[in-house]
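The values are calculated or read from the model by the stated rules, or taken from the named source; none is laboratory data. All of these numbers come straight from a predicted model, not from anything done at the bench. Here Cβ is always computed from backbone atoms with ideal geometry, including for glycine, and neighbour counts include all displayed protein chains. Just the protein is used for accessible areas: all its heavy atoms, side chains included, with ligands, DNA and RNA removed. Shrake-Rupley method; radii C 1.70, N 1.55, O 1.52, S 1.80 Å.
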Number of protein chains: 4
Amino acid sequence: MLQIAVIGAGQCSESVALTAEEVGREIARNRALLICGGLGGVMAAAARGASEAGGTTVGIIPGMLMEDTNPHITIPIVTGMSHARNVVVVRSAHALIAVEGGYGTLSEIAIALKLGKPVIGLHTWNVSSKIIEASTPQEAVRLAVNAANRASSFVRPA
Amino acid sequence: MLQIAVIGAGQCSESVALTAEEVGREIARNRALLICGGLGGVMAAAARGASEAGGTTVGIIPGMLMEDTNPHITIPIVTGMSHARNVVVVRSAHALIAVEGGYGTLSEIAIALKLGKPVIGLHTWNVSSKIIEASTPQEAVRLAVNAANRASSFVRPA
Amino acid sequence: MLQIAVIGAGQCSESVALTAEEVGREIARNRALLICGGLGGVMAAAARGASEAGGTTVGIIPGMLMEDTNPHITIPIVTGMSHARNVVVVRSAHALIAVEGGYGTLSEIAIALKLGKPVIGLHTWNVSSKIIEASTPQEAVRLAVNAANRASSFVRPA
Amino acid sequence: MLQIAVIGAGQCSESVALTAEEVGREIARNRALLICGGLGGVMAAAARGASEAGGTTVGIIPGMLMEDTNPHITIPIVTGMSHARNVVVVRSAHALIAVEGGYGTLSEIAIALKLGKPVIGLHTWNVSSKIIEASTPQEAVRLAVNAANRASSFVRPA
């Protein structure tokens, strides 16, 4: 199954949340697994969208307790490692979609670029021409699924 | 959903593998999620059992690539953190079942006891009276599900 | 003792290495401890400068073996956690000096900004007005020492 | 320089503290670097001993702030990774001395044995014949220095 991470800030405006929610919904409609950091803001909105569309969501959280996840997470992965969990989010995804985002998101984008993972951006940090810009949630997910398919095809037929 | 980790060595005898496989099967029959370290031996056998019984399996791997997991993993979580991933396995489980096991397993048991997580043992390290000994895979999973239910009931009604 | 991290790419041009070396030398002259990621390029050059000026250098490495450090490291700290070690570099510093740098450096800058750590930049990523730009190694170290003194004064009289 | 870790519980009796302090003192007299987890109990006592004898001490802490270390730490390394930092303590040592110890210590012993690091025990967990038992702090440090010299001689002439 394709694993697509949605990254973004732990607090966000209502309009950014609507975008993230639609990204999550589209990921579920594409039968991909949504990976996120398990907290609020963009992470919670994307997980809500995926969850409401019948998808499965994994929240890889920085804290120490399962109940630290937002309520839309199907499977909490509990690291207790604070920001070091960002690396686990990146490594566990075939492709990432960044929805705006603060410094934590920037650190994830940077690690993803370092590792050669595809990054799709929706109004996010403009730090590299390797970030593939999208203008709608639908386009972002389509680009992510395509990139993830290419990335995973090097790997396992599955 | 209850999350039950199966821990044990990356290489094991055929008879230990049969035990681990039956543990995995029972976890799936109890509609719990199987968490493991994603590699071979006990981890692969337990994941195979759960997978063949229709369950979902999460492999939290020490290596850097998704394809480093055994083929019975539904959802690979890629840490790239070597043995530090043991802590993530422990924290992400409501209860753990140790099937024999070497030093890596011992480190996971120790962290679980440190964190107050229930540990069920099948012929494993005898380092604490807090380890609940079981004599069959069925008994081990029953004890783990009961302990996990108690542990998770402090948490979220869900 | 003040702990100042020098961050930058694992491979760099001769002219960037000269800059990093001078940064390291200045850190030692200021009797501060140099922290770095322990590998080559900017990290090795800064450690060489500090070491040759009589300073102590700590290399927090991503790999698994002490001998994976560059030869100018006094104290190797071995994480075996790949890029997750970047967070340890950032957290262990009172202030950071970024000398140019690639995506790994960008991830460290992002984590530092997230944590509110002072970041001094020498021709580095221009992602935030909070990055204090310097034009010479001497100025960079002076700014870092001042910022580190302010940061550490909240903490312990030492 | 040889790097010797002292591991043990974060809270301990006065008599265990005296033992740990003497271990720390002996490490400093042998001009080795003391590595520890940076917190209280055995860690603080060993660091105090080493520090008072003129040695250098490194505290690799689980918490997020430099000031979370005990006051006898020369160089704080801040991981913010809770128990995952135990792996860093183990990997950064040429040899380890366990002074009694609880479950956290047991996890460090297990990782050390997994990695083939020499472990000297003073009334500690009896989980492997590979643990070299000592009866006095002096003997423990002598055994650790010898083992560390053998371990590091495979590595770098230094």
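Sort out which residues of the range A:40-61 are among the hydroxyl-bearing types (S, T, Y) and open to solvent by less than 40 Å² (accessible area, probe 1.4 Å), and write them in order of number.
To start, the set of residues in the range A:40-61 that are among the hydroxyl-bearing types (S, T, Y) comprises A:51, A:56-57.
A:T57 - this is the single residue of the range A:40-61 that is among the hydroxyl-bearing types (S, T, Y) and open to solvent by less than 40 Å² (accessible area, probe 1.4 Å).
Just to be sure, is A:K130 surrounded by fewer than 24 Cβ atoms within 10 Å (Cβ to Cβ), within 14 Å of chain C (Cβ to nearest Cβ), part of a helix (DSSP H, G or I) and on the phi < 0 side of the Ramachandran plot?
Criteria not met by A:K130.
So, in the range A:66-83, of the ones that are within 8 Å of chain B (Cβ to nearest Cβ) and without any contact (Cβ under 8 Å) to a residue 24 or more places away in the chain, which residue ends up nearest to C:S82 (Cα to Cα)?
Checking each candidate, the answer is A:M81.
Please tell me if B:R25 is within 15 Å of the chain's Cα centre (by Cα), under 25 Å from A:A32 (Cβ atoms) and among the basic types (K, R).
Criteria not met by B:R25.
Name the single residue, out of those in the range C:5-15 being surrounded by fewer than 20 Cβ atoms within 10 Å (Cβ to Cβ) and of a type outside the set (S, T, N, Q), that is farthest from the chain's Cα centre (by Cα).
C:E14
From the list D:L2, D:L18, which residue is over 13 Å from the mean Cα position of the chain (by Cα) and surrounded by fewer than 24 Cβ atoms within 10 Å (Cβ to Cβ)?
Checking each option against the conditions leaves just D:L18.
Any idea which of (1) open to solvent by less than 40 Å² (accessible area, probe 1.4 Å); (2) more than 21 Å from B:S128 (Cα to Cα); (3) touching a strand residue (DSSP E or B) at 6+ places or on another chain (Cβ under 9 Å) is the one D:L122 doesn't satisfy?
All conditions pass for D:L122, except number (2).
So how many residues does the range C:71-81 have that are open to solvent by less than 10 Å² (accessible area, probe 1.4 Å) and either in a loop (DSSP other than H, G, I, E, B) or within 23 Å of A:V89 (Cβ to Cβ) (or both)?
The first filter runs over the range C:71-81 and keeps only residues open to solvent by less than 10 Å² (accessible area, probe 1.4 Å), leaving C:75, C:77-81.
Of the ones still in play, those that are also either in a loop (DSSP other than H, G, I, E, B) or within 23 Å of A:V89 (Cβ to Cβ) (or both) are C:79-81.
Total meeting the criteria: 3.
Is it true that A:A158 is outside any helix (DSSP H, G or I) and either out of contact with any helix residue (DSSP H, G or I) (no Cβ under 7 Å at 6 or more places or on another chain) or at pLDDT below 95 (or both)?
Numbers: outside any helix (DSSP H, G or I): yes; either out of contact with any helix residue (DSSP H, G or I) (no Cβ under 7 Å at 6 or more places or on another chain) or at pLDDT below 95 (or both): yes.
Yes, satisfied.
Of the residues D:V90, D:V23, which is more than 14 Å from chain B (Cβ to nearest Cβ), crowded, with 24+ Cβ neighbours inside 10 Å and either part of a loop (DSSP other than H, G, I, E, B) or touching a Leu at 6+ places or on another chain (Cβ under 8 Å) (or both)? I'd like the intermediate steps shown before the answer.
Working: D:V90 fails: more than 14 Å from chain B (Cβ to nearest Cβ).
Answer to the check: D:V23.
Can you find even one residue in the range A:48-58 that is over 15 Å from the mean Cα position of the chain (by Cα) and not charged (D, E, K, R)?
Step one: list which residues in the range A:48-58 are over 15 Å from the mean Cα position of the chain (by Cα), which gives A:52-54.
Still in the running and not charged (D, E, K, R): A:53-54.
Yes, some residue in the range A:48-58 is over 15 Å from the mean Cα position of the chain (by Cα) and not charged (D, E, K, R).
Residues checked against (1) open to solvent by 30 Å² or more (accessible area, probe 1.4 Å); (2) facing chain D (nearest Cβ under 9 Å); (3) in contact (Cβ under 8 Å) with a residue 40 or more places away in the chain; (4) not in a helix (DSSP H, G or I):
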position: B:G104; (1), (2), (3), (4): no, yes, yes, no
position: B:I109; (1), (2), (3), (4): no, yes, yes, no
position: B:A112; (1), (2), (3), (4): no, yes, no, no
position: B:K117; (1), (2), (3), (4): yes, no, no, yes
